[in-house]
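Encoded as structure tokens, the structure appears first; notes follow it.
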Amino acid sequence: MKARVGILALQGAVHEHERILEGLRVEALRVRRAADLEGLSHLILPGGESTTIRLLLDLFEITEPLVERHRAGELALFGVCAGAILLGRESEQRPRRLGLLDVAFERNAFGRQLQSFRADVDFEDGSGSMPGTFIRAPRIGEIGDRARVLARHAGEAVAVRAPGLLACTFHPELAGSPDLHRIFLGKGIWGEIEAEALAGRSG
Ligand code: GLN
């Protein structure tokens, strides 16, 4: 089935994702209301301010259909920075999380805006590295059983994946790097980890 890709366009860095997707020859729809989710197979939740994005998701009644479509295996999600925080595990910090990705994200863990930085992140499978921009980035804490580290910076996990989910604490789109978008749109986004888990069980 052909991917139909959307970018949540309530707040945050939307245009830069469109540019990356254009480079991959993928057209993307800007999602601003629940009806826009219909027919989508992939949705990017961009970086921005997670409390604001959560507020707007609820206000425009997008939260519930988004979660339902993901749980039904119909909508893969890619959370960038604020978007990753939203996908993650429930926390005592605001905002309320969607709890779809069993990974803890601690907000603003690298300090203030001025402590933003550009750095290379290394893929866990040894396939190389990509540049990333960290802007008031969260830090990844506990990682649940179904999630896998995809990339690290200075030894710390900065990108993770799970069935139908991808999340990173940095902005790949600001550095112009399409690698994570390619992984997100690749065939394995729902399957690989399940297959791995099943193989582990039978072996
Ligand atoms: N600090 C923001 C938050 O906690 C995230 C920053 C970003 O998305 N670049 O929501």
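The values are calculated or read from the model by the stated rules, or taken from the named source; none is laboratory data. Everything quoted here is computed from the prediction, not taken from an experiment. Heads up, the Cβs are rebuilt from the backbone with ideal geometry, glycines too, and the neighbour counts pull from every protein chain shown. Each accessible area value is taken on the protein alone, full model and side chains, heavy atoms only, with ligands, DNA and RNA left out. Shrake-Rupley method; radii C 1.70, N 1.55, O 1.52, S 1.80 Å.
Proximity of backbone amide H atoms, modeled 1.01 Å from N, is registered between residue 79 and 45, 166, 167, 168 at under 5 Å, excluding neighbours fewer than 5 places apart on the same chain.
Starting from the coordinates of the alpha-carbon atoms of segment 51-148, obtain the Kirkwood hydrodynamic radius over all distinct pairs and give the value in Å to one decimal. In segment 51-148 this quantity evaluates to 14.8 Å. Less than 14 Å Cβ to Cβ from residue 130, Lys/Arg counted +1 and Asp/Glu -1: what total charge do the surrounding residues give? Residues near residue 130 contribute -3 overall. Measuring nothing but how far apart in sequence close Cα pairs (under 8 Å, 6+ apart) lie, relative to its length, segment 1-118 scores a relative contact order of 22 percent. Ranking 187, 2 from most to least accessible surface, computed with a 1.4 Å probe over the protein chains only, gives 187, 2. Size descriptors for segment 48-106 (Cα atoms only): Rg and Dmax, in that order, 10.7, 29 Å. With the convex hull constructed from alpha-carbon coordinates only, the chain shows a mean projected area of 11.1 nm² over all directions.
Direction-averaged projected area, Cα convex hull, segment 1-109: 6.6 nm², rounded to one decimal.
Please report the base-10 log of the normalised intensity I(q)/I(0) for segment 100-177, using a Debye sum with one equal scatterer per alpha carbon and no solvent, at each q in 0.16, 0.18 (1/Å). The calculated log intensity ratios at q = 0.16, 0.18 Å⁻¹ are -0.55, -0.70.
Probing with 1.4 Å while keeping every protein chain in the model, the per residue accessible area of segment 12-73 equals 54 Å².
Place a point 7 Å from the Cα of residue 156 along the Cα-to-Cβ direction; which residues of segment 117-136 have their backbone N under 12 Å from it? In segment 117-136, the label zone of residue 156 (backbone N under 12 Å from the point 7 Å along Cα→Cβ) covers 117, 134-136.
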